[in-house]
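The values are calculated or read from the model by the stated rules, or taken from the named source; none is laboratory data. All values derive from a computational prediction rather than experimental measurement. Virtual Cβ from ideal backbone geometry, glycine too; neighbours counted across all protein chains shown.
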Amino acid sequence: MTGPALDVTGLGARPNQRQRIIDAALELMSQQGYGSTSMRQLAKACDLNVAAIYHYFPSKADLLRSVIEERHYGLRMRDLPVTDVEGPPARVLAELIEEIWVGSIAEEQIWRLILAESMHGDETALAVAGELLVTIEHAMHDWLARLFPDLAGDRAEAAAAIIMGQLYAAFMERLFVPERELADVRARARKIAALVYPEG
């Protein structure tokens, strides 16, 4: 979810056929929805026949799960999103929040897909979304523990809850105000950091 860690395929690497299908599926599904995307449309977008799609993905549900799971968020979130960890904790925390936001926007197609299909009650989307939220929450707790060892117990739990809640809220707001500037998010990040570290 973070900026520097987003590219897991390698710069200039030519994706294999399975990856091409996943990338095309994400593009179609994020634009027109999971339910409105047919395997025939996907095959046409990939310049393949439908049988080739089913060779890799036995069902449309398998395809949806793969589209989300093969972003490998768990692996990508092992590294800290921020590299400059020196300085006042409030500044480092604000930068952490900002980097998470930037990384989330880079994954906007996935978030829109998950949100739309979860709202339609798709069981696969709901299951994968639940797993993804747990992954993100674990990463957030890990990042906070590594960057701010002074945060512990209820204070750490409260900080994680505030940050996660505000990030979800900011993303929902972006759906209605897509032109939201990074400066707005940066200002919000500083306010959140000031709540956790009021001393500066």
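Before moving on, here are some points about what is shown:
- Count of segment 154-189 residues which are of a type in the set (D, E, K, R) and either crowded, with 18+ Cβ neighbours inside 10 Å or more than 20 Å from residue 136 (Cα to Cα) (or both): 7
- Residue within segment 119-134 that is assigned to a helix (DSSP H, G or I), in the same structural domain as residue 84 (by TED's automatic domain parsing), surrounded by fewer than 17 Cβ atoms within 10 Å (Cβ to Cβ) and of a type in the set (S, T, N, Q) present: no
- Test result for residue 33, at positive phi and either touching an Asp or Glu at 6+ places or on another chain (Cβ under 7 Å) or assigned by TED's automatic domain parsing to the domain that holds residue 110 (or both): no
- Segment 95-136, residues that are under 28 Å from residue 196 (Cα atoms) and in contact with a Phe, Trp or Tyr (Cβ under 9 Å, 6 or more places away or on another chain): 96, 100, 101, 104, 105, 107, 108, 111, 132, 135, 136
- Here 144, 63, 93 are screened, and the one residue that is modelled with pLDDT of 90 or more, more than 23 Å from residue 186 (Cα to Cα) and crowded, with 16+ Cβ neighbours inside 10 Å is 63.
- Within segment 66-90, restricting attention to residues that are hydrophobic (A, V, I, L, M, F, W, C) and assigned to a helix (DSSP H, G or I), the residue that is surrounded by the fewest Cβ atoms within 10 Å (Cβ to Cβ) is 75.
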